[in-house]
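What follows is a short report on a single structure.
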Amino acid sequence: MQKNEIYTVKIDDLTAEGSGVCHIDGMAVFVPDTATGDTAEIKIVKVLKNYGFGIVQRLIEPSPDRTESDCIYSRQCGGCTFRHISYEKELEIKAKMVKDAFERIGKLSPEFLPIIGGENRIRYRNKAQYPVACDKNGKLLCGFYAKRSHHIVPVKDCLLQPESFKKAVDIIISYAQEKKISAYNETSNTGMLRHIYIREGYHSGEMMVCLVVRKNIERELRGLIPRLTSSLLKIKSIVMNINPKQTNVILGSKNVTLWGSDTITDIMCGNVVEISPMSFYQVNTSQAEKLYGVAKDFAGLTGKERLLDLYCGAGTIGLSMADRAGSVLGVEVIPEAVQNASENAKRNGIENAEFICGDAGDVAAKLADDNMLPDVIVADPPRKGCDIQTIDSICKMNPDRVVMVSCNPATAARDCAILCQRQYQIVKVQPVDLFPGTGHVECVVLMSKVQK
């Protein structure tokens, strides 16, 4: 197989990145924008030792799973990797992704429950972060980074975001252009406006606009406030976040409230929750409520258990289970999120929940050393999964059940395999699609202590 050669192929699989897979002379070739079952004429564009890459020259016979993408940016942006196939097929692929991760990576054979799909494939996100830059003519633009790059694809209206986000972005970019507020340049660490960051409560409708800047430019931004608030009545908070560091981390450590409140509120699993710019909050609220419902069911609470909620964020999981637990202790490393969680408990009259700030592994180790033993542990780690200290501490605390909520099936499978080498067995896995159209899928895992 050589570069620039033309082949007629049948696509026989699809990756999590949305690329079709075919085989030529026994070698796998990855072809973007194809679907399983497509017959296509492709051109080889890159050949490596064990695999290659191709692009479609002509679609000969489309797959029955193929559908017309409803997004004009999907090929450039790369965020919605499954926009060109049916949602039924997307769910099938995601369920297989979860199953393959646990069977291949973890070498585990739990019960796999049918995937829970989303009600909406569009307008489901409650948060967006838009990087800002200048085009070659010096005009401000914002959108999303193309896949595996820091090249911004200008996006007027992302179908995953509420329509109100587009209106806010247009007002901000127009104002910044008028007032000559420069876009941030990450190479030279110059310029002012880095990101436009927007959140909106799914149930409450409350909206927060956060402007991430390199330096304090409160005076320059004052004129923006009436333009936003007069056009978008749902805005309850306008915040300036200052990030002076030359980094690809979006948020800095300092927030200045320019108008309204420091936070917005929403409802999650029946509880009113307060959300700050720094708070972790699931981006698909309706699906997150289903996800947390599964976690609550897996926890098997009867009203007496001591529940430890690791990586608790603003406390949404622990608070959703508090009515069935004897006590809830949440652990989170971000101070603002811990404060939000504590205030969320007070706001909802939940008196059996406490939240402490610290690294999950460090706090779990201290709790284990102090013999503060929970009956059930819920862990919702970041994509990198749990560190070994956290896993060691979980085993040392010896709870009856461990419920893991994960946005990365691969690291979840790895962590569960380690727990299974200790004193736990994996019982069942529930995939939940929180991100329709994209290559991401969540899952909830139930593990129980092996009875000797």
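Within region 102-116, residues that are of a type in the set (Lys, Arg) have Cβ atoms under 8 Å from residues that are surrounded by fewer than 17 Cβ atoms within 10 Å (Cβ to Cβ) in these pairs: 107/417, counting only partners at least 6 apart in sequence or on another chain. The residues listed here are 289, 336; of these, the one that is at pLDDT 95 or above, of a type outside the set (A, V, I, L, M, F, W, C), buried (at least 18 other Cβ atoms within 10 Å of the Cβ) and not in a loop (DSSP other than H, G, I, E, B) is 289.
Would you mention how many residues in region 260-278 are closer than 27 Å to residue 192 by Cβ and in contact with a Lys or Arg (Cβ under 9 Å, 6 or more places away or on another chain)? Matching residues across region 260-278 total 6. For region 237-258, the set of residues classified as part of a loop (DSSP other than H, G, I, E, B) and in contact (Cβ under 8 Å) with a residue 12 or more places away in the chain consists of 243, 244, 246, 248, 250, 251, 252, listed by residue number. Tallying residues that are crowded, with 18+ Cβ neighbours inside 10 Å and within 19 Å of residue 81 (Cβ to Cβ) within region 1-29 yields 8.
Exactly one residue out of 288, 299, 295 is in contact (Cβ under 8 Å) with a residue 40 or more places away in the chain, out of contact with any strand residue (DSSP E or B) (no Cβ under 6 Å at 6 or more places or on another chain) and not assigned by TED's automatic domain parsing to the domain that holds residue 162: that is 288.
The sole residue among 201, 138, 191 that is crowded, with 16+ Cβ neighbours inside 10 Å and at positive phi is 191. Scanning region 363-391 for residues that are acidic (Asp, Glu), at pLDDT below 95 and over 27 Å from the mean Cα position of the chain (by Cα) turns up 369, 370. Pairs linking a residue in region 178-206 that is without any contact (Cβ under 8 Å) to a residue 40 or more places away in the chain and within 30 Å of residue 286 (Cβ to Cβ) to a residue that is of a type outside the set (Phe, Trp, Tyr) and assigned to a loop (DSSP other than H, G, I, E, B), with Cβ atoms under 7 Å and 6 or more positions apart or on different chains, are 205/234. Going through (1) exposed (fewer than 14 other Cβ atoms within 10 Å of the Cβ); (2) more than 23 Å from residue 180 (Cβ to Cβ); (3) modelled with pLDDT of 95 or more one by one, residue 248 falls short only on (3). Within region 160-198, the set of residues being touching a Gly at 6+ places or on another chain (Cβ under 8 Å) and more than 17 Å from residue 252 (Cβ to Cβ) comprises 160, 175, 179, 182.
On inspection, residue 446 qualifies as out of contact with any Pro (no Cβ under 7 Å at 6 or more places or on another chain) and within 27 Å of residue 268 (Cβ to Cβ).
The single condition among (1) within 30 Å of residue 254 (Cα to Cα); (2) part of a helix (DSSP H, G or I) that residue 313 does not satisfy is (2). Selection within region 32-43: residues that are at pLDDT 95 or above and under 17 Å from residue 3 (Cβ atoms). The member of this set that is surrounded by the fewest Cβ atoms within 10 Å (Cβ to Cβ) is 41. Checking each residue of region 392-409 against the condition of being in contact (Cβ under 8 Å) with a residue 40 or more places away in the chain, within 25 Å of the chain's Cα centre (by Cα) and surrounded by fewer than 21 Cβ atoms within 10 Å (Cβ to Cβ) gives no match.
The values are calculated or read from the model by the stated rules, or taken from the named source; none is laboratory data. The structure presented is a predicted model; accordingly, all values stated were derived computationally and were not measured. Neighbour counts are summed over all protein chains in view; Cβ atoms, including those assigned to glycine, are modelled from backbone coordinates with ideal geometry.
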